[in-house]
Every structure is written in C-alpha cells, then in structure tokens.
Amino acid sequence: MNLQPTSNHLLVAKADDLDKDTFEGTSILRPEALKKKHNQGVVKAAGPEVKDERIAPGATILYRKHAEQTLGEWGTDGLFVMRETDVLGVLL
C-alpha cells in the first residue's frame with residue numbers, strides 16, 4: 001500500500017519490540033501481567049505541513065493514548081494515521 005499523508009498527518013507503525021526486554025544481548029519475554037501498553041511507534045511517512053524536522057520517516061515517537069486513527073479495511077496490521085500535534089516526543 002502506498003499512502004502519502006496530507007496536511008500535518010503522519011503514517012505510523014506500532015513499535016513491535018516492546019514485548020521483550022534485552023539484557024546483555026539476551027531477549028527476555030515479559031509476562032502478560034507486567035506488560036504496559038506503550039504509545040510508541042515509528043514514522044513511515046509525514047505530510048507536507050509537518051513542521052518539526054525531527055518527525056521524519058524512521059523517527060521513533062511517543063504519542064497520546066487515543067491518537068491512533070486506524071485505516072479500516074485498507075489498513076495493514078500495525079499501521080495508523082495521526083496528527084503531528086498528538087506527538088509527545090521523539091526518542092533520540
């Protein structure tokens with residue numbers, strides 16, 4: 001699917017590595033009870049009116065809890081659209 005966001009919208013993929021911790025090169029799966037839902041994702045595409053240059057394809061971001069707008073039947077698992085104003089920060 002090729003989708004270029006318009007305005008100040010972002011196409012984001014949910015970060016999928018949050019179910020495990022890495023300790024000295026070994027991945028440890030956390031029990032379900034200990035998992036927290038993180039609002040973290042990777043920017044796949046940004047609209048032309050996105051003002052913050054740190055929010056670019058490949059950037060890992062933290063976003064508001066209910067910012068995700070799923071793509072419905074067109075959606076690929078884990079991809080959603082959100083506004084730039086819902087970004088809380090960029091992980092460096």
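Just so it is clear, none of the values below were taken in a lab; they were calculated from the coordinates. Predicted, not measured: the structure shown is a model, and the values here were computed from it.
By how many nm would the segment from L88 to K14 lengthen if fully extended, with 0.36 nm per residue of separation less the alpha-carbon distance?
Working: separation 74, 0.36 × 74 = 26.64 nm, distance 1.50 nm.
Result: 25.1 nm gained on full extension.
Starting at the first residue of the stretch 60-69, write each ³J(HN,Hα) from the Karplus equation 6.51 cos²θ - 1.76 cosθ + 1.60 with θ = phi - 60°, in whole Hz, x for Gly and Pro.
9, 10, 10, 9, 4, 4, 10, 7, 5, 10
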